[in-house]
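This report concerns only the one structure given below.
We did not get these values from a lab; they are worked out from the coordinates using the rules stated. Bear in mind that the values here come from a model prediction, so they are computed numbers and not experimental data. Every residue, glycine as well, gets a Cβ built from its backbone with ideal geometry; the counts of neighbours run over all protein chains shown.
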Amino acid sequence: MLQDVILDAQKRQNKHRYAFPVYINKQRFRTMKHLKDLALLLFIFIATLACTSSDKTETALPDYETVPEINLPDGFKIHVYADDVDNARSMVLGDKGTLFVGSRTAGNVYAIIDKDQDYQADQVIVIANNLNQPNGVAFLNGDLYVAEISKIWKFENIEDHLNSPPDPVLVSDNFPTDGHHGWKYIAFGPDGKLYVPVGAPCNICLSDDEIYASITRMNPDGSNHEIFAHGIRNTVGFDWHPEDGTLWFTDNGRDWMGDDLPPDELNRAPEAGMHFGYPFCHGSGISDPEFGDQRNCDEFNLPVQDLGPHVAALGMLFYTGDMFPDEYRNSILIAEHGSWNRSKPIGYRLTRVELDGNSATSYETFADGWMQNGSPWGRPVDVIQMPNGSILVSDDASGTIYNITYSND
Ligand SMILES: [Ca+2]
Ligand SMILES: [Ca+2]
């Protein structure tokens, strides 16, 4: 089942290496006799590493060729991190720096390696293929978790076996087999549980089986599988607030209510058992034409922020890095895949939601240009943060991973 495909390494530009100067007096080192001195030395070494790694001038990125179609706020730049990543969807970083990327129609899972840490990939390896829409990837304790439509697999100790991956271990097959909204985003929460949504198997419907239109969670071995939240049409991206650990998620609104209804949603789920309205209520109080007479909108948890109608809000990220300007800290970046159920397409961009506590204070475009003159050439799917505070964006239309950086120079 497994096939390695190694693609040509991209040309390196402005080769960059990190330098960690350690200022140790050699004479003192030779005469050192006591363990206390060794401990002090170790402290100085670690402190020097910490100081150096937070020094933006030491870790400044090379001046890569930008992607000219993409518009960003002043000071931000975008370059191609990896291409030839067919149908690139959800992303997760391994402990050793490997970027894992799922796909839908391609059926592949990729491992992307940046050997010299210059934020340009050197190798793209297909570590699994012929899977059933393996959109979701998650990482825990050295193991890569991959979600097909009805199954969760685990590739153990994956980063030590990228060129000859082990056969995956089945974690769970406790999910419906419906293809409609069946592809999954997955992630581990701060509680150590794997969160796995199950989309509605339709545009608008009320299912007898309450696992549909939910977010579920389970232990890493698949045990104690339970429904965490209800009334969610199709979430394909979530993250946990960096300060209080609560789950926030995007949800895709229903189709065929016109160009401007209903909105997509940004929601917050601080506890288990909450209901977010589907199929009865959409956005911040729009009663469904078919199901709205059964239950009232005030029975449900309404969104923190209504997003654009039909924008297909997918991956989202609480930004916690040091690279971007201070006002970006703890704000939310959202990948909007772009509309299909709208006469004039919108989306095909990254948006940003600023918060004051748990309330949204703004919802604005952060990056656009994947659509030119009404014609999309790229579709953002997921956004993750890198160790240096830059972000990666996946694009399943062009099979590209981009890196967005900031400098105030
Ligand atoms: Ca590289
Ligand atoms: Ca809702």
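I'd like the orientation of helix 35-53 relative to the chain: the angle between its Cα long axis and the longest Cα principal axis, in ° from 0 to 90, rounded to 10.
Its long axis makes an angle of about 50 degrees.
Given the DSSP H assignment, sum -39500 (n - 2.57) over each helix run of at least 4 residues in the chain and divide by its residue total; what's the result at 222 nm in deg cm²/dmol, nearest 500?
-2000 deg cm²/dmol
Taking amide hydrogens as modeled 1.01 Å from N in the peptide plane, which residues meet the under 5 Å criterion relative to A187, leaving out close sequence neighbours?
Those qualifying (amide H under 5 Å, at least 5 residues apart or on another chain) are Y195.
Taking springs between alpha-carbon atoms closer than 10 angstrom, which of V146, V236, V80 fluctuates most in the Gaussian network model of the chain?
Among V146, V236, V80, the largest mean-square fluctuation in the Gaussian network model of the chain belongs to V80.
Kindly write out, for the stretch 262-268 in residue order, the coupling ³J(HN,Hα) from the Karplus curve 6.51 cos²θ - 1.76 cosθ + 1.60 (θ = phi - 60°), rounded to whole Hz, with x marking Gly and Pro.
Taking θ as phi minus 60°, the curve returns x, x, 6, 9, 10, 10, 10 Hz for the stretch 262-268.
Would you calculate the separation in nanometres between label points at N373 and N341, each defined as 7 Å from the Cα along the Cα-to-beta-carbon direction?
3.0
Most fluctuating residue of A187, A272, A128 in a GNM of the chain with Cα springs under 10 Å: which is it?
Evaluated over the chain, the most mobile residue of the options is A272.
Using only the Cα atoms, what convex hull volume per residue in Å³ does the stretch 365-409 have?
95
Using a simple spin-label model with points 7 Å from Cα along the Cα→Cβ vector, what separation in nm is obtained for D356 and S223?
Calculated label separation equals 4.7 nm.
Return the FRET efficiency for the residue pair E210, D259: r is the Cβ-Cβ distance, R0 is 30 Å, and the value is rounded to the nearest 0.05.
With R0 = 30 Å, the Cβ-Cβ based efficiency is 0.40.
Could you work out how far apart the two model spin labels at N203 and T246 are, taking each label as a point 7 Å from the Cα in the direction of the beta carbon, and quote it in nm?
Label-label distance for N203 and T246, simple model: 3.4 nm.
As an exercise, identify the chymotrypsin sites (Phe, Trp or Tyr not before Pro) in the stretch 324-409 lying in DSSP coil whose Cβ has no more than 14 other Cβ atoms within 10 Å.
Filter output for the stretch 324-409: W340, W377.
Could you compute the longest span of the chain free of GluC sites (Glu not before Pro) located in DSSP loops and having at most 15 other Cβ atoms within 10 Å, not counting the site residues?
Longest site-free region, per DSSP loop and neighbour criteria: 291-409.
Step through the residues of the stretch 284-292 one at a time and calculate ³J(HN,Hα) from phi using the Karplus curve (6.51 cos²θ - 1.76 cosθ + 1.60, θ = phi - 60°), rounding each to whole Hz and writing x for Gly and Pro.
Karplus-based 3J(HN,Hα) across the stretch 284-292 equals 8, x, 9, 6, 6, x, 9, 10, x Hz.
Please work out the Cα center distance from the stretch 291-324 to the stretch 157-207, rounded to the nearest Å.
The stretch 291-324 and the stretch 157-207 have Cα centres separated by 21 Å.
Which of the trypsin sites (Lys or Arg not before Pro) found in the stretch 275-356 are loop residues per DSSP with 15 or fewer other Cβ atoms within 10 Å of their Cβ?
Those that pass, being in a loop and sparsely packed, are R329.
Taking square-rooted eigenvalues a ≥ b ≥ c of the alpha carbon gyration tensor, is the stretch 95-145 rounded, prolate or oblate, where a/c under 1.5 means rounded and, failing that, a/b exceeding b/c means prolate?
oblate
Counting other C-beta atoms within 10 Å, which of D143, D259 has the fewest, and how do the rest follow?
Listing D143, D259 from fewest to most nearby Cβ atoms yields D259, D143.
For the chain, what is the Kirkwood hydrodynamic radius in Å, using each pair of distinct C-alpha atoms?
Evaluated over the chain, this radius sits at 22.4 Å.
Give me, ordered by chain and number, the residues 5 or more places off I127 or on other chains with an amide H under 5 Å from its own placed amide H.
Those lying under 5 Å, H to H, from I127 are V109, Y110, A111.
Cα centroids of the stretch 125-143 and the stretch 66-98: how far apart, whole angstrom?
One Cα centre to the other: 19 Å.
When the chain is treated as a GNM, springs tying every alpha-carbon pair under 10 Å, which of G308, G347, G222 comes out with the largest mean-square fluctuation?
Highest fluctuation of the listed residues: G222.
Give the long-range amide H neighbours of T216: residues separated by 5 or more places, or on another chain, with amide H under 5 Å away, using H modelled in the peptide plane at 1.01 Å from N.
V196, V198, F228
Which FRET efficiency value, to the nearest 0.05, do you get for N129 and D173 by plugging their Cβ-Cβ distance into 1/(1 + (r/R0)^6) with R0 = 25 Å?
0.80
Residue by residue, what Karplus-based ³J(HN,Hα) values in Hz, rounded to whole numbers, does the stretch 148-162 have, using 6.51, -1.76 and 1.60 with θ = phi - 60° and x for Gly and Pro?
Calculated HN-Hα couplings, in order: 8, 4, 10, 9, 10, 10, 10, 9, 6, 6, 4, 5, 8, 9, 5 Hz.
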